[in-house]
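Written out below as structure tokens is the structure these notes cover.
The values are calculated or read from the model by the stated rules, or taken from the named source; none is laboratory data. Values in this document were obtained by computation on a predicted structure and should not be read as measured data. Here the Cβ is made from the backbone with ideal geometry for all residues, glycine too, and neighbour counts use every protein chain on show.
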Amino acid sequence: MRHEGKVALVTGAGNGIGKAACLAYAAAGATVFAVDIDGAAAHSTRNAIYAAGGEAQAYSADVSQADDVQAYVQNAIHQFGRIDCFFNNAGIEGVVASTMEYPEDVFDRVMAINLKGVFLGLKHVLPHMVKQASGSVVNASSVGGVVGAPGLCAYSASKHAIIGLTRTAAAEVAQYGVRVNAICPSAIQTRMIDSLAGMYAPDDPDSVRDQFVARNPSRRYGLPEEVARVVLFLTSEAASFVNGEALMIDGGRTAV
Ligand SMILES: NC(=O)c1ccc[n+]([C@@H]2O[C@H](COP(=O)([O-])OP(=O)(O)OC[C@H]3O[C@@H](n4cnc5c(N)ncnc54)[C@H](O)[C@@H]3O)[C@@H](O)[C@H]2O)c1
């Protein structure tokens, strides 16, 4: 689980799970390249790493834009010469509406960030890992990537598709010593889950939390740090023969 001397690139690094992963990578000895569309949030992650004695750079980019993705990858390579760990994490929830009523523009936006953003990250990071003949990627899918998520058709479709991207890329690059896996968290305590609760039940968001928790055998939300630890494991030597996997991090949510 130590990552000394490695370079870890994280998207969606300014908040929630991405920020927790950045802090965990830095604590494990990696140099962190923190990418977020919210440049101030990315800088605050970098500052938190600096304050803890770690090494990091912040970069502002929109993962849905090919030029931005090329630029963040080139910048990371220019600064640090390599990318060892890539947490392809940035994503949005969209809105809550039935498939019959889901707004087309929001559907397109969710797909552009959650799916195309992950594809573009793979497209531009993998060539460097193949050249290095080493490296490991974790794509952020979701429990909504293996089962349906009523009210969230775009989100669920994007997260299902991420598993297809993961398995395909894993099979393509395994021969070069590069691994690609996905993670599937259930509800994790971040801004995103609070936003969803507010959309499902604007008058009583706590009721949504109660329902989510009641459906989870662990009877609680997960924490960003619990997801980060799995990301560090998957990108470590400890997971050297784990490839093309979509790993549940769900407290048993999909076990029953
Ligand atoms: N929180 C959960 O319950 C949960 C569960 C399963 C999966 N996930 C997934 O984990 C990932 C992180 O979620 P989170 O809960 O930390 O969310 P969050 O909203 O707390 O953080 C997401 C970060 O991504 C950034 N971002 C959004 N759009 C971007 C873009 N176009 N380009 C670059 N950065 C962008 C945001 O600015 C933000 O800093 C997402 O892909 C999400 O779908 C979250």
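Just name the residue that is surrounded by the most Cβ atoms within 10 Å (Cβ to Cβ) out of those in the stretch 53-103 that are within 16 Å of the ligand (Cβ to nearest atom), under 19 Å from the mean Cα position of the chain (by Cα) and among the charged types (D, E, K, R). So, considering only residues that are within 16 Å of the ligand (Cβ to nearest atom), under 19 Å from the mean Cα position of the chain (by Cα) and among the charged types (D, E, K, R), the one surrounded by the most Cβ atoms within 10 Å (Cβ to Cβ) is Glu93.
In the stretch 104-117, of all residues being within 10 Å of the ligand (Cβ to nearest atom) and either among the hydrophobic types (A, V, I, L, M, F, W, C) or in contact with a strand residue (DSSP E or B) (Cβ under 6 Å, 6 or more places away or on another chain) (or both), the one that is farthest from Ala66 (Cα to Cα) corresponds to Val110. Does Arg191 satisfy the condition of being within 14 Å of the ligand (Cβ to nearest atom) and modelled with pLDDT under 95? Against the criterion (within 14 Å of the ligand (Cβ to nearest atom) and modelled with pLDDT under 95), Arg191 does not qualify. Among the candidates Ala170, Ala182, the residue that is more than 14 Å from the ligand (Cβ to nearest atom), surrounded by 15 or more Cβ atoms within 10 Å (Cβ to Cβ) and small (Gly, Ala, Ser) is uniquely Ala170. Test Ser98 against the stated conditions and say whether it is among the polar types (S, T, N, Q) and either under 21 Å from Thr190 (Cα atoms) or in contact with a Ser or Thr (Cβ under 9 Å, 6 or more places away or on another chain) (or both). Criteria not met by Ser98. Of the residues that make up the stretch 37-50, is at least one over 19 Å from Leu126 (Cα atoms), away from the ligand (no atom under 16 Å from the Cβ) and crowded, with 19+ Cβ neighbours inside 10 Å? Within the stretch 37-50, not a single residue is over 19 Å from Leu126 (Cα atoms), away from the ligand (no atom under 16 Å from the Cβ) and crowded, with 19+ Cβ neighbours inside 10 Å.
Within the stretch 201-216, the residues that satisfy the criterion of being more than 14 Å from Leu152 (Cβ to Cβ) and in a helix (DSSP H, G or I) are Pro205, Asp206, Ser207, Arg209, Asp210, Gln211, Val213, Ala214, Arg215.
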